[in-house]
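Please treat every number below as a calculation from the coordinates, not as lab data. Just so it is clear, the structure is predicted and the values come from calculations on it, not from any experiment. All Cβ positions, glycine included, derive from the backbone under ideal geometry; neighbour counts span all protein chains shown.
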C-alpha cells in the first residue's frame, strides 16, 4: 500500500462542474506535488508545494487550482475542465524541497471529463 | 531544459533472461537519477536512486543501475528476471539547478514470459 492517499480513485465530471481532488500523507514530508499522466505517457509535473507554499507552477491553466491547507494535505480544485484534461492525476510527496530526495507517489485519481 | 530518453518502449523476455533498459538524459550539470517501477494496477514505486558516490547503485528486488557520466546514461540491469518483474519502468532525472522538477522518460513496458 502507498503511504500517499488520494481520493477519489475515479471521478467523472461535466465541463461545467466544480470538483476537488484530495491527497494526504502522514510521513512528515514537507514537499508535495501534482502530476498529470495521459495514457501511455510519463507523468508530467504540474505543481510543487514546499513548506505549504507554491514553489513551481508548470504553466498550468487556471482551471486547475492547487491548495495546500497544511503540511499533510494537498488539494487540486477543478473548474470548467476540457475533455483533453481527462487523465490520471498523481500526487507525490518528498521529505523536503531538495532535488535529491525521492518522491513517494499515490495511486492517482482517474479523471474523465464528459 | 532537461530531457530523458528511454530507448526501448516494449521489451519481452523469458524468465531467467538478463535485462538491461537504457536511459539517457540531456542535462550537462549535476543530476540526481532515479528508476521507478509501476506494476499493473499499482502506484509508482522507487526502485533505486543515484545522487553521488559509487556509480553502481543497487536497488530493491535485485535491480541495479550504473551511472556513466561521460555517456549521460543510467541504465537499469537485472541478471535474471522473474515473471513478477512484468511492469512499466520509468527513468527520471532531477537536475539540482531545476529544484524539485522531476522529469520522466517515456517508460519501458517489460513483459516477462513464464
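At-a-glance table
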| read-out | value |
| --- | --- |
| Chain A: most fluctuating residue of A:57, A:100, A:17 per GNM, C-alpha cutoff 10 Å | A:100 |
| Rounded Å value of the spacing that divides the Cα centres of the stretch A:63-78 and the stretch A:94-114 | 13 |
| Cα-based shape type of the stretch B:4-114, given that a ≥ b ≥ c are square roots of the gyration tensor eigenvalues and the cut on a/c is 1.5 | prolate |
| Among B:12, B:60, B:68: highest mean-square fluctuation, GNM of chain B, C-alpha pairs under 10 Å | B:60 |
| Tensor-based shape of the stretch A:1-72 (alpha-carbon gyration tensor, a/c under 1.5 rounded, otherwise prolate or oblate) | rounded |
| Expected-Rg normalisation [2.2 N^0.38 Å, Cα atoms] applied to the protein assembly as shown | 1.02 |
| Candidates A:88, A:74, A:11, ranked by Gaussian network fluctuation over chain A, Cα under 10 Å, top entry | A:11 |
| Euclidean distance between Cα centres, the stretch A:1-53 to the stretch B:52-114, Å | 24 |
| Sites residue A:26 and residue A:59, calculated FRET efficiency, Cβ-Cβ separation with R0 22 Å, nearest 0.05 | 0.10 |
| Sorted by Cβ neighbour density within 10 Å, fewest at the top, the residues A:23, B:91, A:68 | A:68, A:23, B:91 |
| Cα shape, the stretch A:53-95, gyration tensor, a/c 1.5 rule | prolate |
